[in-house]
1. Filter the stretch 206-224 down to the residues that are touching a helix residue (DSSP H, G or I) at 6+ places or on another chain (Cβ under 7 Å) and under 23 Å from R122 (Cβ atoms), then identify the one that is farthest from the ligand (Cβ to nearest atom).
2. How do the pairs read when you match residues in the stretch 82-97 that are of a type in the set (D, E, K, R) with residues anywhere that are open to solvent by less than 10 Å² (accessible area, probe 1.4 Å), using Cβ under 7 Å and keeping only pairs 6 or more apart or on different chains?
3. Filtering the stretch 1-22 down to residues that are polar (S, T, N, Q) and either within 16 Å of the ligand (Cβ to nearest atom) or in contact (Cβ under 8 Å) with a residue 24 or more places away in the chain (or both), which residue is most open to solvent (accessible area, probe 1.4 Å)?
4. Limited to the stretch 51-86, what total is found for residues that are open to solvent by less than 20 Å² (accessible area, probe 1.4 Å) and at pLDDT below 95?
5. When only residues in the stretch 144-177 that are out of contact with any Ser or Thr (no Cβ under 8 Å at 6 or more places or on another chain) and within 16 Å of the ligand (Cβ to nearest atom) count, which is nearest to H4 (Cα to Cα)?
6. Which residue, of I194, I172, is at negative phi and at pLDDT below 95?
7. Across the stretch 116-134, what is the number of residues that are outside any loop (DSSP other than H, G, I, E, B), touching a residue at least 24 places away in the same chain (Cβ under 8 Å) and open to solvent by 10 Å² or more (accessible area, probe 1.4 Å)?
8. Would you check which residues across the stretch 207-226 are part of a loop (DSSP other than H, G, I, E, B) and either buried (at least 22 other Cβ atoms within 10 Å of the Cβ) or among the hydroxyl-bearing types (S, T, Y) (or both) and list them?
Amino acid sequence: MRKHIVAGNWKMNNDLAQTETLISELKHQIKTSNAEVMIAPTATNLWQAYQTLKDNTVIEVIAQNMHFAENGAYTGEISASMLKSIGVNTVILGHSERREYFNETDDILAKKVDAALANNMRVIFCFGELLEDRKAGNEETVVGNQIKNALFHLKAWDFKNIVLAYEPVWAIGTGETASPEQAQDMHAFIRKTIADQYGYEIANDVSILYGGSVKPGNAKEIFSKPDVDGGLIGGASLNAEDFFAIVNAF
Ligand code: 13P
């Protein structure tokens, strides 16, 4: 079902004490919400975050990454069933930082998506073009291929557990945001890409989030666009007041 979602991707920030502090501030601020609210602490703090929020009906704890294998000789990695076993039911996959710094390819991401879905997890699947792609006018080709290569082997019903997140790489952590019109144009293209393959019934049900320098000052305008169903928030999710203001933009 298409929903409004605001998810905070904390990336590699916040040790245990900082995680506890930020969560207690968020619990205090976010009592109700018109959007689903999620936070993605670093892996070592997921268990504690989950324990602190398990009776909280507003904020869901989600993971930033996982491996595609069920278990085995993958030193340093975490599987879907491990996440599930500590109460984590949603995972971010395909973030541009994973693609760039950890060489995650479309093929690897397709396997990760399959593993998450096989474990009844929900996936926030990220993609987005580089600045050079946009300058060359290739952004739709790049984004279309990222979606097709990692997701088009799925069955239509799998999309009930897929959330899409368009994050233009040039807007991540740069302070430069896609304009609301650029975001809307790309989100409409993404929805059409899904519709061409699976039909509009499926495409209209998929939530498509925007990520890239979303702040309290620009969230409302970006979220007001018809194909923007929410945001994946990096830097601003590390500050309780800012994140609260973005959640409240809905
Ligand atoms: P910023 O909000 O810091 O630009 O990060 C966006 C992002 O990468 C969320 O996943």
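The values are calculated or read from the model by the stated rules, or taken from the named source; none is laboratory data. Note that this is a predicted model, so its numbers are computed, not measured. Counting neighbours? That spans all protein chains shown, and the Cβs are built from the backbone with ideal geometry, glycine included. Please note that ligands, DNA and RNA were not included when accessible areas were found on the heavy atoms of the full protein model with its side chains. Shrake-Rupley method; radii C 1.70, N 1.55, O 1.52, S 1.80 Å.
1. Checking each candidate, the answer is V206.
2. Close Cβ pairs (under 7 Å, with a partner that is open to solvent by less than 10 Å² (accessible area, probe 1.4 Å)) amount to K84/M121.
3. Here the answer is N13.
4. Selection size over the stretch 51-86: 0.
5. Here the residue is A165.
6. Residue meeting the stated conditions: I172.
7. 5
8. S207, G212, S213, V214, S224
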